[in-house]
Amino acid sequence: MGKIRAFRGEILSVGTDPRGDAQAVRHEDDGLLVVEDGIIVARGAYADLGEQFSDVPVQEIAGLIVPGFIDAHVHYPQTDRIASHGEQLLDWLDRHIFPAEKAFVDRAYGDEVAAFFLGELLRNGTTSALVYPTVHEQSVDALFEAALARNMRMVSGKVLMDLGPDGLRDTPETARGESDALIRRWRGRGRLGYAVTPRFILTSSDEQLHVTAGLLTDHPDALLHTHLAENLHECAAVAERFPEAADYLDAYDRFGLVTDRSVFAHGIHLNDRACTRLHESGAGIAVCPSSNLFLGSGHFNFGQADRHGVRLGLGTDVGAGTSFSMLHTSGLAYQAALMREDRLDPFRALWLATAGSAALMHIEDRVGALAEGQEADFTVLDAASTPLLARRTAGATLAERLFALQILGDDRAIAATYIMGECAWRRPENSDHRRT
Ligand code: GUN
Ligand code: ZN
């Protein structure tokens, strides 16, 4: 028998979309999570399991245990450019982002930023992410090495962009060769996965988009990760370059890039045809509300996506996104939905930030629901982490507490983050206002 231990406390998870499944929410007021060698072997009410596991050491957890958050779209090289003033997407890329990404030619710089980035994820309760590096092969090595050292489940892959600016361009040939080499180098190591990552359709030549499809054919376990229909100027440029395509999604589709392993960030400006095609292909959207506000891109249309049954997850999209907190991002998703007269239920928001994102990334068998057999990546939420949250959640129902955490919560509400049953981050004692 391996290392076995148990965690006792309040446990909440939402394993499937609660919109269509009354059984999706799983909650134990006083629960027990039994973990052996990082894997959940039992979960249930303490009253039901306590006796059976009475010989297992138990750690009492004060706070609400939820699955570790899963950020379905984030750029680690943009960490240092978060909060860059003044532009919409295309000008923001030219002015702030492309110059910053050129620095990742330096492996040591990539190592330093990757370490800070993963620390920031853990501080915010995020245990997995689908991550953009840069065009540089070594930027992937930096991230994967740092994730491997922390035993984190991360998915990433070299950015492909042969139409980029000087210092940030590859070619169809190097895109192919470097991606193949990275996949060979990292396959099967730790908890890492690979995503073929053309930046967006405007930064790849037709030839490189064909190379992208070839990589996906030859590596069927890889994801496709890219951006879609984020900004109206971007959409106009896509329509101009691909006049024969029905819409932006169709431009990708014509290269064979729309499958059930495709994750598209944003999808703000989609027509019904594209939503129908997303549904029938099984491709998904990483909804990124803080980024969409910050760049003035628009508000994601949950009603339209849900009418078509489009698969969804949630992403911060830092550095266009303004926070690493998936709690805060969930709160903004609620507000984005309301801008289009839709309602985002707090349990559905938690699903988007955990199992929904996991399903987009095809890791839902491993993480996202704190289910038996899954890896024990979890986060402890403190609904009394600030005086205002404490006051608002006193005597509140579970739904009210969860919603208050999403609207008012941020990194301060993360009491601890666990990776495969091991504490990877704990909030310093003196940041708990009740003890100061
Ligand atoms: N589209 C192409 N590149 C980017 C990027 O770095 N960030 C965002 N938000 N959209 C993009
Ligand atoms: Zn992005």
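The values are calculated or read from the model by the stated rules, or taken from the named source; none is laboratory data. Just so you know, these numbers come straight off a predicted model, no measurement behind them. Reconstructed Cβ throughout: ideal geometry from the backbone, glycine too, with neighbour counts over all protein chains shown.
What are the residues in the range 260-306 that are aliphatic (A, V, I, L, M) and more than 19 Å from Trp351 (Cα to Cα), if any?
Once the filter is applied, which keeps residues that are aliphatic (A, V, I, L, M) and more than 19 Å from Trp351 (Cα to Cα), the range 260-306 yields Ile268, Leu270, Ala274, Leu278, Leu293, Leu295.
Looking at Asp342, Asp317, which one is among the acidic types (Asp, Glu) and within 18 Å of Asn271 (Cα to Cα)?
The unique qualifying residue is Asp342.
What are the residues in the range 195-214 that are outside any loop (DSSP other than H, G, I, E, B), more than 17 Å from His75 (Cβ to Cβ) and not hydrophobic (A, V, I, L, M, F, W, C), if any?
Asp206, Glu207, Gln208, His210, Thr212, Gly214
Pull up the range 216-232, narrow it to residues that are more than 16 Å from ligand 1 (Cβ to nearest atom) and within 23 Å of the chain's Cα centre (by Cα), then point me to the one that is farthest from Cys275 (Cα to Cα).
Among them, the one singled out is His219.
Going residue by residue through the range 226-247, is there one that turns out to be in the same structural domain as Ile82 (by TED's automatic domain parsing), farther than 22 Å from Glu101 by Cβ, away from ligand 2 (no atom under 15 Å from the Cβ) and surrounded by 22 or more Cβ atoms within 10 Å (Cβ to Cβ)?
No, the conditions are met nowhere in the range 226-247.
Take the range 284-312 and flag every residue that is of a type in the set (A, V, I, L, M), within 16 Å of ligand 2 (Cβ to nearest atom) and either modelled with pLDDT under 95 or not in a strand (DSSP E or B) (or both).
Leu293, Leu295
Take the range 215-236 and flag every residue that is closer than 29 Å to Leu295 by Cα and not in a helix (DSSP H, G or I).
Result: Leu223, Leu224, His225, Thr226, His227, Leu228, Ala229, Glu230, Asn231.
Regarding Leu32, is this residue over 23 Å from the mean Cα position of the chain (by Cα), assigned to a strand (DSSP E or B) and either at pLDDT below 95 or not aromatic (Phe, Trp, Tyr) (or both)?
Against the criterion (over 23 Å from the mean Cα position of the chain (by Cα), assigned to a strand (DSSP E or B) and either at pLDDT below 95 or not aromatic (Phe, Trp, Tyr) (or both)), Leu32 qualifies.
Determine, yes or no, whether Phe98 is more than 16 Å from ligand 1 (Cβ to nearest atom), assigned to a helix (DSSP H, G or I) and either modelled with pLDDT of 95 or more or under 27 Å from Asp411 (Cα atoms) (or both).
No, not satisfied.
Taking the criterion of being assigned to a strand (DSSP E or B) and either outside the structural domain of Tyr194 (by TED's automatic domain parsing) or at pLDDT below 95 (or both), would at least one residue in the range 48-59 satisfy it?
Yes, the range 48-59 contains at least one residue that is assigned to a strand (DSSP E or B) and either outside the structural domain of Tyr194 (by TED's automatic domain parsing) or at pLDDT below 95 (or both).
Conditions: (1) touching a helix residue (DSSP H, G or I) at 6+ places or on another chain (Cβ under 7 Å); (2) touching a residue at least 12 places away in the same chain (Cβ under 8 Å); (3) among the aromatic types (Phe, Trp, Tyr). Phe98 meets all but one. Number of the miss?
Tallying (1) touching a helix residue (DSSP H, G or I) at 6+ places or on another chain (Cβ under 7 Å); (2) touching a residue at least 12 places away in the same chain (Cβ under 8 Å); (3) among the aromatic types (Phe, Trp, Tyr), Phe98 fails exactly one: (1).
Between residues in the range 357-375 that are β-branched (Val, Ile, Thr) and residues that are part of a loop (DSSP other than H, G, I, E, B), which pairs lie under 8 Å by C-beta distance while being six or more apart or on different chains?
Val367/Gly68; Val367/Gln374; Val367/Asp377
List every residue pair whose Cβ atoms sit under 6 Å apart, with the two residues 6 or more apart in sequence or on different chains, where the first one lies in the range 154-170 and is at pLDDT below 95 and the second, anywhere, is among the hydroxyl-bearing types (Ser, Thr, Tyr).
Gly164/Thr203
If a residue must be part of a helix (DSSP H, G or I) and either free of Cβ contacts under 8 Å to residues at least 40 places away in the same chain or in contact with a Gly (Cβ under 6 Å, 6 or more places away or on another chain) (or both), how many such residues does the range 242-252 contain?
2
Taking the criterion of being at pLDDT 95 or above, among the aromatic types (Phe, Trp, Tyr), outside any loop (DSSP other than H, G, I, E, B) and in the same structural domain as Ala83 (by TED's automatic domain parsing), would at least one residue in the range 253-263 satisfy it?
no
Which one is nearest to the chain's Cα centre (by Cα) among residues in the range 133-151 that are crowded, with 24+ Cβ neighbours inside 10 Å and part of a loop (DSSP other than H, G, I, E, B)?
Here the residue is Pro133.
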